[in-house]
1. Output the residues belonging to the range B:63-80 that are more than 7 Å from chain A (Cβ to nearest Cβ), buried (at least 16 other Cβ atoms within 10 Å of the Cβ) and within 13 Å of A:Val42 (Cα to Cα).
2. Which condition does B:Thr51 not pass, out of (1) surrounded by fewer than 21 Cβ atoms within 10 Å (Cβ to Cβ); (2) facing chain A (nearest Cβ under 9 Å), if it passes all the others?
3. State whether one or more residues within the range A:146-160 are of a type in the set (Ser, Thr, Tyr) and touching a Phe, Trp or Tyr at 6+ places or on another chain (Cβ under 6 Å).
4. Identify, please: which residue in the range A:48-62 is assigned to a helix (DSSP H, G or I) and within 12 Å of the chain's Cα centre (by Cα) and is, among those, modelled with the highest pLDDT?
5. Return the residue satisfying two criteria in turn: it lies in the range B:58-110 and is small (Gly, Ala, Ser) and touching a helix residue (DSSP H, G or I) at 6+ places or on another chain (Cβ under 8 Å), and of such residues it is modelled with the lowest pLDDT.
6. Condition first: in contact (Cβ under 8 Å) with a residue 12 or more places away in the chain and more than 11 Å from chain B (Cβ to nearest Cβ). Now tell me which residues in the range A:166-187 satisfy that.
7. When the range B:24-48 is examined, which residues are found to be at the interface with another protein chain (Cβ under 10 Å from one of its Cβ atoms), touching a strand residue (DSSP E or B) at 6+ places or on another chain (Cβ under 9 Å) and either closer than 16 Å to B:Leu14 by Cβ or assigned to a strand (DSSP E or B) (or both)?
8. Of the numbered conditions (1) away from chain A (no Cβ under 13 Å); (2) farther than 18 Å from B:Val93 by Cβ, B:Tyr7 satisfies every one except a single condition; which is it?
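The values are calculated or read from the model by the stated rules, or taken from the named source; none is laboratory data. Keep in mind that this is a model prediction, so the values were computed, not measured. Because the Cβ atoms are built from the backbone with ideal geometry, glycine has one as well, and the counts that use them run over all protein chains shown.
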Amino acid sequence: MNEQIPTDDLDLDLKGLESNEPVPSFLAVHEALERLADFDSVKARIVELRFFGGLSTEETAEVLNISQENVLRNWKLARTWMRREILLAESRAEDSLVRSKEPQASSTRQMTSPENPHDTSQERLANRAPHRPPFNAEYLLYFLLSKKDRKILIGDLIEEYGDVLGRFNKRRADIWFYKQVAGSLLPLLRHSLLRLGALVWLGRVLRRLIS
Amino acid sequence: MKKPSNYIGEFEELVLLAILSQGDNAYGVTIRQALEEATDRSITVGSLYTTLSRLEEKGLVQSWVGEPTAERGGRAKRHYKVKGSAQSLLKEVQAARQRLKGLETVGGIG
């Protein structure tokens, strides 16, 4: 296939729905992403990588080992869904402020999936099984590792995160993940600096030999 | 006295032994878990992979990338295997440790 994959705007462009809508808060986007992850972990991952990680379509496809067309298709669906969810959440927040004294008729919340907006399921809420590690910790590793190494290392972390999650709960799994990333920063930094130091030293030696 | 071809530190030695203990299933997760179980201390993936990288540069281990799996978010795993030269080096290190233990007893320290 020789045709160029169209690059999509990286920005979620959530304020594009109405021109006088304020830009949603980071928290609102984060919460919508959490809800998306309940239904579709692939779309949620694409949003994380593209919106929060700043990766291109090509890089996202490489990380997830899927085609660029797949990334673009899922990105567009996820973006549309998240726009709607953020607006709904914000209007619910406003309503709850107004009706704070009224008894709640129902504590249920209608959740929809990106592909089927009319599909609602309370079981999805009750059986939340998020198996995605905290993405903010994961992104730290993106700065410290080469592309080749980070896929392997992050894969290990995700695999073990799933184990810990299965044995205990999400909070414990998240703590384990944060500890692993925090404990890995210094050795990885030291390793990178040593390599850099070795390159600098080699450069100086070569310069002396040449001059 | 015959010197080993490469010097390896304590943690490098433990990593080599952990790889050997896992046989054909030696990759990051299994090596790290084996080390934690054996040493009863927390081992981070960062410290493990920097050590594995050093061992590979020294020519003591070889690695290859396996198939991606869904449980790893579509990422592949890197398998490790200890080379023959490393196995003989490990034996030398352990023999040296035994000799030193004997000296300790002779010297009346132990």
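1. none
2. Against the list (1) surrounded by fewer than 21 Cβ atoms within 10 Å (Cβ to Cβ); (2) facing chain A (nearest Cβ under 9 Å), B:Thr51 comes up short only on (1).
3. No - not one qualifying residue is present in the range A:146-160.
4. Ranking the qualifying residues of the range A:48-62, first place goes to A:Thr60.
5. B:Gly110
6. A:Lys170, A:Ala173, A:Asp174, A:Tyr178
7. Within the range B:24-48, B:Tyr27, B:Gly28, B:Ile31 qualify.
8. Unmet for B:Tyr7, out of (1) away from chain A (no Cβ under 13 Å); (2) farther than 18 Å from B:Val93 by Cβ: (2).
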